[in-house]
Amino acid sequence: MSDRLSRRFAECAAQDRAALVTFVTAGDPDLERGPSILAALVAGGADIIELGMPFTDPMADGPAIQAGNIRSLGTGTTLRGVLAMIRAFRLTDGTTPLILMGYFNPILAYGVEAFADAAADAGLDGTIVVDLPPEEDAELAPMLRGHGLHNVRLATPTTDAKRLPTVLSGASGFVYYVAVAGVTGTASAADADIASAVARLKAATSLPVAVGFGIKTPAQAAAVGLHADGVVVGSALVSLIGAAAETRANDLPEQVEHFVRGLADAVRTARVRTAA
Amino acid sequence: MATAALTASGRPSLRTGPDARGHFGAFGGRYVAETLMPLILELEVAYRAAQADPAFAAEFDYLMKHYVGRPSPMYFAERLTNALGGAKIYFKRDELNHTGAHKINNCIGQMLLAQRMGKTRIIAETGAGQHGVATATVAARAGLPCTIYMGARDIARQAPNVFRMKLLGAEVRSVESGSKTLKDAMNEALRDWVANVHDTFYIIGTAAGPHPYPELVRDFQSVIGKEAREQIVEAEGRLPDVLCAAIGGGSNAIGLFHPFLDDDVRMIGVEASGHGLDTDAHAASLAGGRAGVLHGNKTMLLQDDDGQITEAHSISAGLDYPGIGPEHAWLHSIGRVEYQSATDAEALDAFQQLCRLEGIIPALEPAHALAAIRRFAPGMSRDTIVVANLCGRGDKDIFTVAEALGTQM
């Protein structure tokens, strides 16, 4: 494996903190400002970037990310354009892992083998395909593997002990624990439930476990960061981008960097403060 | 396909699908988020148990007879037959069912499953509102709360059905995202389901979605074809030559076709070609689409080069969907069923002709099947037997038709 991703999780673990994983939709609010937002995520302290592949029918997403998808598609974002954005990002950043997250149909339309080839070449590290459960991902997983890309799998509150081995078999990079049964950006899970779910997953896999869905504030990020190897924040960021797009704010990258810094500081100091 | 079951003629049966993983050839499957996956597997286990339980079939049959009013009649449309001057045309009268369409067959079956599974809340998507009304109906009878997702555009053009659902005690939620039609209502219903998996049963209205939905919807709707088979043999002493049905997702068509798939019967499914197949305003996913993944299954979809789903158009809200059930995609790929299309204008003409010749106001959905029959029946011999599924009545469509004809009501 290429392994920016394992290296980054190892670095964070060595600092005794969770990795901050930030999600934005590629090309949101538009193709011109998309690249500056990726740079702002890194400047603010994001450890890993999840880049959303826009899709017309994001069935697992709540209103915030749906709106991000619509904004992005409205300015003409295509999967080809997203890969070009990744390639451009890699010209100046060779270390921040980039994971593409989205739905299967755009990949299928691109051609699965052609996608894996082009994505690896552009400098992508892995994918999370929401509507491709283990039962169907033989259509994609071997091609990802063949090109050194991670196949990140999702575990959820409904993934019981009987099913967990199916999810973990063939998973790579990290396991993404969806903390709430629901769509992105809505309810938040209770700390105790997250702690026990992470413990259950870590007992079953040596992969890092990142937790997402419903984490919107530095305080929530810090609380989840006590237990998880990674903390994913998405809808809150996408909402911020949406609000700035509406007012045509010209300091959008600065706003993003500031918001991410608050989250990054929280995950960096969470365990220290608890120990003290 | 799962097994090489042979028919009397020695050919492999086409009626054994889907395979164990829910695939019909290259189509079907279970393309859902992990949160739903355990539920989909649980549903399959519950359905297998129901299939093995004679009490389930007995209750389904009882409700079909005494609540829905089945069997629906098989009617020889003599005046239409004479007007077209060719094949002998019969209608399977599923528009006479309780609630006015074939949708109730499936809703009764899924509600019985929901009750077996101990679910206490019902959700559904609807386009024309026929499935929404049928779902609200069975939910009322079961005493369960029911939420129906309906695109804002469809709410505007199907006001009578919206009011019916509310009378039946359902909550109708307007969907403002995307094209504000059936596809978006299905996205919203799936989002609701993901957030309420513990107590909610999703009654999908057509033979599409993740396995096992395409299979179980087909099985419940196959009551149409099973009855049609007996009735036409009783009337004519033999099987029909041609079956014809309109296709949006394809539940009424697969229900009519499936019991005949291994027989020497020609089958014609009719997609909605809106303003025409050469425009970008149609809903013909077989004629104008490519294989892709949406709403839990791999099937033929209207989409652009980048894999983004494009908006469908049809004057009929029930056919206004950019996909089609996976079994139809498979039957199309192997050439077993013939798929044609009819435009908005052709459907409107057929709609009016049926009103005047037979005294039947059909829904705009089966009017598409009638439009195809008006093309092919005149060229057929007088001893050719055609059975068309009149899958819904047209009361709900009179406002749309009035507007299309420029009539002030």
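The values are calculated or read from the model by the stated rules, or taken from the named source; none is laboratory data. All values reported here derive from a predicted model rather than from experimental measurement. We place every Cβ from the backbone using ideal geometry, glycine too, and count neighbours over all the protein chains shown. The accessibility values were calculated without ligands, DNA or RNA, using every heavy atom of the protein model including side chains. Shrake-Rupley method; radii C 1.70, N 1.55, O 1.52, S 1.80 Å.
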Open item on the list: Which log10 I(q)/I(0) values does the range A:49-170 give at q = 0.18 Å⁻¹ under the Debye formula, counting every alpha carbon as one identical point scatterer?
Closed with: -1.00
Task: For the range A:59-128, diffusion coefficient by Stokes-Einstein and Kirkwood Rh (Cα), 10 °C, 1.306 mPa s, µm²/s - done: 122 µm²/s
Task: P(r) tail fraction, the protein assembly as shown - alpha-carbon pairs more than 46 Å apart, % - done: 22 percent
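Give the average, rounded to an integer, of partner chain Cβ atoms located within 10 angstrom of each Cβ in A:130-142. Please report the intermediate quantities before stating the final value.
Details: counts 5, 12, 7, 12, 2, 11, 11, 1, 0, 4, 0, 0, 0.
Counting Cβ atoms of other protein chains within 10 Å of each residue's Cβ and averaging gives 5.
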Task: Among B:227-240, A:32-45, B:185-198, the order from most to least packed when residues are scored by Cβ within 10 Å on average - done: B:185-198, A:32-45, B:227-240
Task: Candidates B:304, B:397, B:154: whichever shows maximal mean-square fluctuation once chain B is modelled as a Gaussian network with Cα springs under 10 Å - done: B:304
TODO: List the residues of the range B:295-336 whose accessible area drops by at least 50 Å² when all protein chains are present, compared with their chain alone, using a 1.4 Å probe and counting only protein heavy atoms.
DONE: B:306, B:308
Task: Total accessible surface hidden between A and B, rounded to 100 Å², 1.4 Å probe - done: 2700 Å²
- [ ] State the dimensionless ratio Rg/Rh of chain B (Rg: radius of gyration of Cα atoms; Rh: Kirkwood radius).
- [x] 0.94
Open item on the list: Return the equivalent ellipsoid semi-axes of the range B:330-409 as a descending list in whole Å, where each equals the square root of 5 times an eigenvalue of the C-alpha gyration tensor.
Closed with: 25, 15, 11
TODO: Using a 10 Å cut-off on Cβ atoms, rank the peptides B:24-36, A:241-253, B:368-380 from the highest mean neighbour count down.
DONE: B:24-36, B:368-380, A:241-253
TODO: At 37 °C and 0.692 mPa s, grab the translational diffusion coefficient of the range B:119-192 from Stokes-Einstein with a Kirkwood Rh over Cα pairs, rounded to a whole number in µm² per second.
DONE: 282 µm²/s
- [ ] In whole angstrom, note down how far apart the Cα centers of the range A:230-276 and the range B:1-80 are.
- [x] 49 Å
- [ ] Treating each Cα of the range A:4-271 as an identical point scatterer and ignoring solvent, apply the Debye formula and state log10 I(q)/I(0) at q = 0.10, 0.17 Å⁻¹.
- [x] -0.44, -1.45
Task: Neighbouring partner chain Cβ atoms per residue of A:56-69, average, 10 Å criterion - done: 5
TODO: Give the shape of the range B:70-217 as rounded, prolate or oblate, defined through the alpha-carbon gyration tensor: a ≥ b ≥ c are the square roots of its eigenvalues, a/c under 1.5 means rounded, and otherwise the shape is prolate if a/b is larger than b/c and oblate if not.
DONE: prolate
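For the protein assembly as shown, what does the helix formula give at 222 nm: sum of -39500 (n - 2.57) over DSSP H segments with n ≥ 4, over the residue count, nearest 500 deg cm²/dmol?
Details: 28 runs with 300 residues, N = 685.
So the calculated ellipticity at 222 nm is -13000 deg cm²/dmol.
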Open item on the list: Between the range A:170-187 and the range B:334-375, how far is it from one alpha carbon centroid to the other, in angstrom?
Closed with: 47 Å
- [ ] Sort all Cα-Cα distances of the range A:18-117 into consecutive 10 angstrom bins from zero, then give the percent of pairs in each bin up to the one containing the longest distance.
- [x] 15, 50, 32, 3
Task: Heavy-atom accessible surface of the protein assembly as shown: percent carbon and sulfur, 1.4 Å - done: 54 percent
Task: Surface per residue (accessible, 1.4 Å probe) for chain A, Å² - done: 36 Å²
TODO: Pop out the ³J(HN,Hα) list for the range B:240-251 in order, Karplus 6.51 cos²θ - 1.76 cosθ + 1.60 with θ = phi - 60°, rounded to Hz; leave Gly and Pro as x.
DONE: x, 8, 9, 10, 9, 8, 6, 9, x, x, x, 6
